[in-house]
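Peer 1: First the structure, which I've put down as structure tokens, then a few questions once you've had a look.
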Amino acid sequence: MISEATVRHLDRRLAGIQRDSRLPSVVAGIVRDGGLVWSRAIGTLDGRAGGEPADLDTQYRMGSITKTFVAVAVMRLRDAGRLDLEDRLEEHVPGSRLGGATVAQLLSHAAGVQAETNGPWWERTPGGTWEELAASPVVQRFRAGRRFHYTNVGYAALGELLARTHGASWFDVVRRDLLEPLGMTRTTARPSGKAAPGWAVHPFADVLLPEPEHDAGAMGPAGQLWTTVEDLATWAVFAGGDTGDVLAADTLAEMLEPHVVGDSPGQPWTVAHGLGWQVWNIEGRRLAGHGGSMPGFLAGLRVDLETGDGLVASTNSTAGPFGPQVGTLLTDFVEREPKPPEPWHAAGDPGLLELLGLWHWGPTVTMAKAVGDHLVLGEPGEGRGARFERVGPDEWRGLDGYHTGEPLRVVRRADGTVSHLDLQSFRFTRTPYDPEADVPGGVDEVGWS
């Protein structure tokens, strides 16, 4: 639930954004605990007083948020064993100058592929086929893997990969495998039902210019999709971890890891790109999602990966300070409606008690404790502190920082009691350099002196 005071505040805030940014119409929603807890539509579809009002079932073009759907469809192929992320594009889509780039590099914008097409402004003109786009020719601007370079063309290539692998258009794949299972019936490739027209607002006068809308053809996977605030909220819930039967939770987590840093000279690193998703690090909070823009439209989706709280928003205007302004809606919501802490319950495993307490890596003191099902050494996020998950009898695997994916083994004496912990060959002993614990390199016979 959300308080009436917070509802009134968010309503006023969104109305102010619509007025101050001179947006014909704007819709926004806040997601918590698996669904919309607040949503509102402000303005009219034609931007004029007395025009048809926008509502929660109005479609807006989501622009580059489309890329997240394409990326999830590609990762489903990987999980099904039909491709590997290290495969070269040439193995699946032969005949272009982009063939040396890997699937992973294309997903994370690390392939060095040119940003835009060579022909006319593709977002405002009808699109052609992949063969025409590849023959134009599209190329790599940088060595693959060297740096982050955002590329719409790279996602055209991934859309073609989907089409050739499935024997169906990229959108048919997305509709069948993602939209229909998630109940996103108002997300389409072209405007359907009640849909907002796209407008350019004059920078110096309160007048409007219609923006064209076309089928982008081969470039469609870069920004074609239309959606409503309610459907986009469903996708935000998905990004927050509720993937259902559509995608394995571990695969989504892999996609949301920062793979390539978005480096702007002179600026701190606050944004990175995962496999199809943008990832932000804002004052210690990790958020994921994507922005979108097409002529006549702006859109945004952000989810706090720790809490699952998220924001979705769309407008039918080409330009404006949309992202930063609507971002305040989520900030205000979290400040006014803090998520209550989960109650504590005794649910620990007594079998872990023999592993807990003080351990020593050489002379360094480390505390081991049990948190839920995890064994925790030190403080995750500080130094080499990490959580470990059990993978077998006396076998654990690291989940954080330096020890992510690395093995921890409990070594026992002949009588079954715990002798020491072996973490990537490092010995953790109950006393510093315990001579009875098989410390590599041995322990001086004289001992401490």
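Any read-out appearing in this document is the output of simple, stated calculations on the displayed coordinates, not a laboratory observation. Computed from a prediction, not measured in an experiment: that's the story for all the values here. Counting neighbours? That spans all protein chains shown, and the Cβs are built from the backbone with ideal geometry, glycine included.
Peer 1: Evaluate the distance, in nm, between pseudo-label points positioned 7 Å from the Cα of Arg146 and of Glu382 along their respective Cα→Cβ axes.
Peer 2: 4.2 nm
Peer 1: Which is farthest toward the positive dipole end of the chain among Gly127, Val410, Gly385, measuring Cα position about the Cα centre, with Cβ charges +1 (Lys, Arg) and -1 (Asp, Glu)?
Peer 2: Gly127
Peer 1: Can you list the residues of the range 237-271 with backbone N under 18 Å from a point 7 Å past the Cα of Arg286, pointing along Cα to Cβ?
Peer 2: Hits in the range 237-271 for Arg286 at 18 Å: 237-243, 248-262, 269-271.
Peer 1: Among Val138, Phe204, Ala5, which residue has its Cα furthest toward the positive end of the charge dipole of the chain, with +1 on Lys/Arg Cβ and -1 on Asp/Glu Cβ?
Peer 2: The listed residue farthest towards the positive side: Phe204.
Peer 1: Something else about it: Reachable lysines from Lys339, Cα under 23 Å, same-chain residues fewer than 8 places away excluded?
Peer 2: In chain and number order, there are no partners.
Peer 1: Then there's this: Build a GNM of the chain with springs between Cα atoms under 10 Å: which of Arg76, Arg384, Arg286 gets the top mean-square fluctuation?
Peer 2: The residue that fluctuates most here is Arg384.
Peer 1: In deg cm²/dmol and to the nearest 500, what is the mean residue ellipticity at 222 nm of the chain if only DSSP H runs of at least 4 residues count, each as -39500 (n - 2.57), divided by the residue total?
Peer 2: Details: 10 runs with 98 residues, N = 449.
Mean residue ellipticity at 222 nm (helix-derived): -6500 deg cm²/dmol.
Peer 1: For the range 352-429, what is the relative contact order in percent, using Cα pairs closer than 8 Å and at least 6 residues apart in sequence?
Peer 2: 20 percent
Peer 1: May I pose another question? Taking 0.36 nm per residue of separation and subtracting the Cα-Cα distance, what length does fully extending Thr431 through Phe204 add?
Peer 2: On the way: separation 227, 0.36 × 227 = 81.72 nm, distance 7.35 nm.
Result: 74.4 nm gained on full extension.
Peer 1: Further question on the same structure: How much length is gained on full extension from Arg164 to Glu335, taking 0.36 nm per residue of separation minus their Cα-Cα distance? Numbers along the way, then the final one.
Peer 2: On the way: separation 171, 0.36 × 171 = 61.56 nm, distance 4.72 nm.
Difference between extended and current length: 56.8 nm.
Peer 1: Just how large is the dipole of the chain about the Cα centre, in debye to the nearest 20, putting +1 at every Lys and Arg Cβ and -1 at every Asp and Glu Cβ?
Peer 2: Details: 41 positive and 59 negative charges, 242 e Å.
The calculated dipole for the chain is roughly 1160 debye.
Peer 1: Please give, to one decimal in nm, the separation of the simple spin-label points placed at Asp215 and Ser136, each 7 Å out from Cα toward the Cβ.
Peer 2: The answer from the label model is 1.8 nm.
Peer 1: Let me ask another. Could you state the angle between the C-alpha long axis of helix 66-79 and the longest principal axis of the C-alpha atoms of the chain, as a value from 0 to 90 degrees rounded to the nearest 10?
Peer 2: Around 40 degrees separate the two axes.
Peer 1: So, one more: Quick check: Cα centre of the range 362-380 to Cα centre of the range 235-307, how many Å?
Peer 2: Going from one Cα centre to the other spans 30 Å.
Peer 1: Still on this structure, please answer the following. Neighbouring Cβ atoms within 10 Å as the yardstick, rank Trp130, Trp121 fewest first.
Peer 2: Values: Trp130 21, Trp121 10.
The most exposed by this proxy come first: Trp121, Trp130.
Peer 1: Here's a follow-up. Among Thr429, Thr227, Thr270, which one shows the highest mean-square fluctuation when the chain is modelled as a Gaussian network with alpha-carbon springs under 10 Å?
Peer 2: The residue that fluctuates most here is Thr429.
Peer 1: With 10 angstrom as the radius, rank Val207, Val153 by how many other C-beta atoms surround their C-beta, starting from the fewest. Kindly include the intermediate steps, with their values, before the conclusion.
Peer 2: Numbers: Val207 10, Val153 26.
Ascending number of Cβ neighbours within 10 Å: Val207, Val153.
Peer 1: Let me ask something additional. Select one label from (1) 25.8, 92; (2) 24.9, 88; (3) 24.6, 83: the one whose number is Rg and Dmax of the Cα atoms in Å as derived from the coordinates shown.
Peer 2: Answer label, from the structure shown: (1).
Peer 1: Moving to a separate point now. Arrange the following residues from fewest to most other Cβ atoms within 10 Å of their Cβ: His149, His345. Please report the intermediate quantities before stating the final value.
Peer 2: Details: His149 18, His345 6.
The most exposed by this proxy come first: His345, His149.
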